[in-house]
Amino acid sequence: MADGSASTSPPSEYPHQHHRDAIKSPVHNTAASRRREQAIAIGKERREALMRAKRVCRAPLSGSDEAMVEEGDMVIDEERADLEARTAQAVEELKSALSSQGKGAQKRKIEVLRALRRLLSQSEVPPVDAAIKAGAVPLLVQYLSFGSSDEQLLEAAWCLTNIAAGEPEETKSLLPALPLLIAHLGEKSSTLVAEQCAWAIGNVAGEGAELRSKLLAQGALWPLARLMLSNKGSTARTASWALSNLIKGPDSKAANELIGIEGILNSITRNLEKADEELATEVAWVVVYLSALSDKAIRLIARSSVPQLLIGRLLASENLQLLIPVLRGLGNLVAGDGYMVDSVLIVGNSITDQALSSLIKCLKSDNRVLKKEASWAMSNIAAGSFEHKKLIFSSEATSLLIHLLMTAQFDIRREAAYTLGNLCVVPAGSANPPNIIVEHLVAIVNGGALQGFVNLVRSADIESARLGLQFLELVMRGYPDGQGPKLVEREDGIEAMERFQFHENELMRNLANGLVDKYFGEDYGLE
């Protein structure tokens, strides 16, 4: 921003990002790379949203004949050694029942499966390790054999589901079971069995990229996608959750394949529009990973009614579990495709007013993730047309962003700074260095933001420090009546810039030294 080197275009492999980086530089990870990085690291946000990547199945699926767990039936205070001994004994009975024949054999198989399943689902800390060491997994694979009753298949898949919810090595023990779990997702399986198998697969996929690759190689994607199209809410919800775990990267192949499956986009649209918040939440996570990893998905989703539906959910809901993926998905779309800002969020349209209102709502939230994501999404809108900049500037978002810049956690301050900086320059590519929108710059500086940018200059984070330097250059170059340098000096900006005098980063060293020499040289302060 301060010189020609600060206005370099983003790398060509990110073709949709050029108009997003009005004050950004090559030091900055472009919006596309951020989408991909966060697709890999998003598990942390899911935990913050109380959304576990893996889930223990404690209650029967909707439609099952199994009685609900009775109140007080949870095994909590039982001695661990006794619990593990009971688990080992249950596995031995599982083995013995396999060879049972004749009258009563099927009933016994169901009873021993149910006994193990209860130990694995009704304990506060399920004895998964004990079950694995006793040899439960290969036995359960045999109980999954084709031709078995639905009740037997359901119980065996339930046991495997909760084993898969364990520690990483415990989850990996399910490798021999994967082919049959995937096979039972098929159309010939009952809905209950298929749903339970989808849950088990979702737990396996939630463990990591290695297991996701194995599931994809064995053909799990297409049958899960079919289940996502189900009209039964719990089935669509479980399948959506499993799919979000399966496609979440780092490879984009699965996301590209999923969005190309007939009916998937329609299912996403339908469930975001009409479904309850639990199902809408899982579908929103699918949108998050699709929009983080697949340019093809971004194009298709941005041109559908999904953006409007995401904005509607964001505006109407107070459910944090839903708001986080909805906001992240919307942010990915805004960052990933110029069509979103240029053709969907047109100033004057109701959807744009609703989008701004929903983002302002999130800026006011007490939740750190919502404030950060809303600031990021808004920074990409602010890098658009002059009309978009003016719309944001004239709203209460500006004062909220200044407040966040001065008081919020560091990652939020940086996102707020990008938005404020983008409000002060004309759209990217129209000038080099960019032309300043003086009215916006003056109001933002007078609103108290300058100290926040000086603080960024002092940051150990190079991207943030450069952003701070770029804003100081705007102030010194563009503030009316030549008052910019005095304002920067008053906020100890000279001292902040001089810390880069001998910095190891050549780009930062040259930028800071150039600014000091240009605006605070020998003639500074002379009338």
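The values are calculated or read from the model by the stated rules, or taken from the named source; none is laboratory data. Given the structure is predicted, the values throughout are model-derived calculations rather than measurements. As a convention, Cβ positions derive from the backbone with ideal geometry for all residues, glycine included, and neighbour counts pool all protein chains shown. SASA here: full protein model, heavy atoms, side chains in, ligands and nucleic acids out. Shrake-Rupley method; radii C 1.70, N 1.55, O 1.52, S 1.80 Å.
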Practice task
With runs of 4+ DSSP H residues as the only contributors, calculate the mean residue ellipticity of the chain at 222 nm using -39,500 (n - 2.57) per run, divided by the residue total and rounded to the nearest 500.
Solution key: -19000 deg cm²/dmol
Handout entry: Under-5 Å amide H pairs with VAL425, H placed in peptide plane, nonlocal only
Key = ILE437
Fill in the blank from the handout: Taking Cα atoms only, helix 264-274 is inclined relative to the longest principal axis of the chain by an angle, in degrees rounded to 10, of 80
Practice task
Measure nothing but the geometry: give the 0 to 90° angle between the long axis through the Cα atoms of 350-363 and the longest principal axis through the Cα atoms of the chain, rounded to 10°.
Solution key: 80
Practice task
Set the Förster radius R0 to 60 Å, insert the Cβ-Cβ distance between SER395 and LYS103 as r into 1/(1 + (r/R0)^6), and round the FRET efficiency to 0.05.
Solution key: 0.20
Completion exercise
Output ordering of 100-111, 239-250 (per-residue mean of other Cβ within 10 Å, highest first) is 239-250, 100-111
Exercise for the section: Within the set of other residues whose C-beta is less than 11 Å from the C-beta of LEU221, count the net charge using Lys and Arg as +1 and Asp and Glu as -1. Expected result: +2
Problem - Ellipsoid equivalent to the range 381-448 - semi-axes via the Cα gyration tensor, in Å - result: 20, 12, 11
Problem - Loop sites in the range 383-454: GluC sites (Glu not before Pro), DSSP, at most 14 other Cβ within 10 Å - result: GLU396
Practice task
May I ask you to order 127-139, 322-334 by the average number of other C-beta atoms within 10 Å around their residues, highest value first?
Solution key: 322-334, 127-139
Exercise for the section: Divide, for the range 414-515, the radius of gyration over alpha carbons by 2.2 N^0.38 Å, where N is the residue count. Expected result: 1.00
Practice task
Would you mind checking LYS54/LYS172; LYS232/LYS296; LYS54/LYS248; LYS389/LYS486; LYS107/LYS232; LYS95/LYS188 for any pair whose Cα atoms are more than 20 angstrom apart?
Solution key: LYS232/LYS296; LYS389/LYS486; LYS107/LYS232; LYS95/LYS188
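Looking at the range 130-163, which chymotrypsin sites (Phe, Trp or Tyr not before Pro) are DSSP coil and have at most 12 other C-beta atoms within 10 Å of their C-beta?
PHE146
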Exercise for the section: Apply the Debye scattering formula to the chain, with a single equal point scatterer on each alpha-carbon and no solvent, then give log10 I(q)/I(0) at q = 0.06, 0.07, 0.09 Å⁻¹. Expected result: -0.37, -0.48, -0.71
Practice task
Report in % the part of the accessible area of the range 319-422 that belongs to carbon and sulfur, leaving out ligands and nucleic acids; probe 1.4 Å.
Solution key: 51
Fill in the blank from the handout: Those chymotrypsin sites (Phe, Trp or Tyr not before Pro) from the range 430-511 that are DSSP loop and have at most 16 other Cβ neighbours within 10 Å turn out to be PHE502
Exercise for the section: For the range 451-520, give the magnitude of the charge dipole about the Cα centre (Cβ charges: +1 Lys/Arg, -1 Asp/Glu; no others), in debye to the nearest 20. Expected result: 120
